[in-house]
Amino acid sequence: MQSKAHYHKTTTLQQAICAARDGSADLVIKNAQFLDVFTGQFRAGDVAVQAGNIVGTVEEYTGKQVVDGQGLFVVPGFIDAHVHIESSLMTPARFQQAVLPCGTTAVIWDPHEIANVQGVEGIRWALDASEGLELDVFVMVPSCVPSTTPALELESSGAELKAQDILEFRHHPRVLGLAEMMNFPGLLHGDEDVMNKLVSYGGMQRDGHCPGLLGRELNAYGVAGIHSCHESTSLKEAQEKLSKGIHVLIREGSCAKNAADLLPLLNAYTSSVLCLCSDDRNPADIVAQGHINCILNLALAAGHRPEEVFRIASFAPAQICGLHDRGVIAPGYQADLCLLELNQQGNWQAGFHIHQVIKAGKIITAEALETVAQHRTCQQTGRCNMNMAPVQPAQLHIAAHEQQVKVQVIEVIPNQIITQKKKAILTTQDGNVQPDLEQDIIKIGVFERHHGTGRSSIGFVHGFGLKAGAVATSVNHDSHNIIVVGANDAAILQAMQRLQELDGGIVVCDDKGTFTELALDVGGLMSHRHPDDIAQAIHQLKQHAKRLGCNLHEPFLQLSFLALPVIPALKITDQGLVDVERFCLTSVLC
């Protein structure tokens, strides 16, 4: 006896075949030009949809619902090939509300932020919270929790995931494979647990994360079956990776902006092997500039052919990620469609805006997305995000006996998550090394927040421009301890105290004790608030930081990445200052 599910699928298929043959469908788009990704051209004709799938193109169809596409272009829905939804500061239902109207119809989510905080429980939450949304959320299982080999003791994470811990997710229907293998030193040296994870997910997607890796080491990375990387920051690096079979994901996040440097890779040949990703993009930037559509407009402005540009936003990632039911406007493919209107008639370089989004044959409306978001809390309760020991003023001190000392300083590179090593001469007062606002060198600290150990470290950073006050956040890649920068100790302590009272979030504090803040109640990472509300809060936080002298476009994500000990060159964790090039702790004092 056939199951009801099988019967339903059979009936749906029969109806779709009948609609395609007889010329009558649920929905028909008329008078538009649609992209044929196989031949690389825009074509005129109807696009017919039945039961969520495309059943006809070119030929004339009648529809129960007709969309007049006069003057519009139809392209496949966009796919974000690598994203951390947590970095949007939104839960999946709220993230959907922000990105679906931008034309993003599917994302590949690596939930390693919530996994670093809550371990296996966090991955289960991610799968549950993203189930049944209009947006298709596929998941890559976090491979590096923490981001480095625990034996190195470079950071303290909220959890540690071994190969056996993540086996349960391998057969989940929305799991595509193993997420970014950022512990490439462990891979290159044959770390047993890394090997076990790679073998356990054999035959599935295995994403990469290998900034600056070239030559024989890149060959070894490829031999391990990892064939993607979103961390290229130069054209030369990306070209070598692409030539060695490593799919290059062109990233344009809120902090790491690589599109301008990497888009020259795009041509007719590479349009099937390149993808686009946001990685980490905050709601303020999504609301103001868009999501994947933002990168597409950058590519068009640079003069690339639209037929190639839209290929890397849909067809290429669908093929690379094994999502063979989408990314194409042709009979038998899922009806994920974007209707585009050019900003200037006949001029692709002037860009486009989204006229309408159709997801699985359904026209997306703001009202429907809001209804979904209000009914999807998916929030863990009864859990404290800030399990911290009290912070003592002495923890902010760096002791030295000389009147002047040479110190190592983390130098921020605007719009990049890599840093540079800098050396500076600082003075001491009462045996403690002091920041130097004239040199734009202020204190930076990381405080463990998961296990109440009281572990912390203090260093110096250059590039924030703060002349007063402090900035603190519980979003701290990837272990998500508290990270704080400040012009003076009093402001640092006040900012951290307020962050603990909020149970996680982002805080900007001035020297008078005035706060601007955003509470992040889900794991200290995400909020259930409306995307517009979060965007407004981010804007207010940025304005407060700017009044304190901060000159960075994206100070909060820039700050968060200063604790990631797998991105060169100098970072800081609760364990101390980390020389990423040598993968070891190093002293602040030279």
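Every residue, every condition in (1) within 28 Å of ASP279 (Cα to Cα); (2) in contact with a strand residue (DSSP E or B) (Cβ under 9 Å, 6 or more places away or on another chain), yes or no:
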| residue | (1), (2) |
| --- | --- |
| THR39 | no, no |
| GLN50 | no, yes |
| ILE54 | no, yes |
| PHE78 | yes, yes |
| VAL99 | yes, yes |
| THR105 | yes, yes |
| SER130 | yes, yes |
Inter-residue pairs, beta-carbon under 7 Å, first touching a residue at least 40 places away in the same chain (Cβ under 8 Å) and in the stretch 559-574, second part of a helix (DSSP H, G or I) and not acidic (Asp, Glu), 6+ apart:
ILE567/PHE561; LYS571/LEU562; LYS571/ALA563; ILE572/LEU562; ILE572/ALA563; THR573/ALA563
Would you be able to tell me the number of residues in the stretch 541-555 that are touching a Leu at 6+ places or on another chain (Cβ under 7 Å) and either assigned to a strand (DSSP E or B) or open to solvent by less than 10 Å² (accessible area, probe 1.4 Å) (or both)?
1
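Taking helices (runs of 4 or more DSSP H) that fall entirely within the stretch 101-208, which contain at least 2 residues that are closer than 18 Å to SER88 by Cα and open to solvent by less than 20 Å² (accessible area, probe 1.4 Å)?
112-118, 120-129
Looking at GLU341, GLU367, can you tell me which residue is open to solvent by 40 Å² or more (accessible area, probe 1.4 Å), in contact with a strand residue (DSSP E or B) (Cβ under 6 Å, 6 or more places away or on another chain) and either part of a helix (DSSP H, G or I) or not aromatic (Phe, Trp, Tyr) (or both)?
Within the list GLU341, GLU367, the selection yields GLU341.
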The stretch 575-590: number of residues that are without any contact (Cβ under 8 Å) to a residue 60 or more places away in the chain and open to solvent by 30 Å² or more (accessible area, probe 1.4 Å)
2
Pick from the stretch 448-467 the residues that are open to solvent by less than 10 Å² (accessible area, probe 1.4 Å) and touching a helix residue (DSSP H, G or I) at 6+ places or on another chain (Cβ under 7 Å): which of them is farthest from GLN404 (Cα to Cα)?
PHE464
From ALA373, ALA399, ALA350, residue being open to solvent by less than 20 Å² (accessible area, probe 1.4 Å), more than 27 Å from GLY56 (Cα to Cα) and among the hydrophobic types (A, V, I, L, M, F, W, C)
ALA373
Would you confirm whether or not the stretch 186-209 contains a residue that is free of Cβ contacts under 8 Å to residues at least 40 places away in the same chain, small (Gly, Ala, Ser) and within 23 Å of VAL83 (Cβ to Cβ)?
yes
Go through the stretch 488-506 and give me each residue that's open to solvent by 10 Å² or more (accessible area, probe 1.4 Å), under 13 Å from LEU396 (Cβ atoms) and not polar (S, T, N, Q).
ASP489, ALA490, LEU493
Identify, please: which residue in the stretch 22-62 is free of Cβ contacts under 8 Å to residues at least 60 places away in the same chain, outside any strand (DSSP E or B) and not β-branched (Val, Ile, Thr) and is, among those, surrounded by the most Cβ atoms within 10 Å (Cβ to Cβ)?
TYR61
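The values are calculated or read from the model by the stated rules, or taken from the named source; none is laboratory data. Here the structure is a predicted model, which means the values were calculated and not measured. A quick note on method: Cβ atoms are made from the backbone with ideal geometry, for glycine too, and the neighbour counts reach across all protein chains shown. For accessibility, only protein heavy atoms count, side chains too; no ligands or nucleic acids. Shrake-Rupley method; radii C 1.70, N 1.55, O 1.52, S 1.80 Å.
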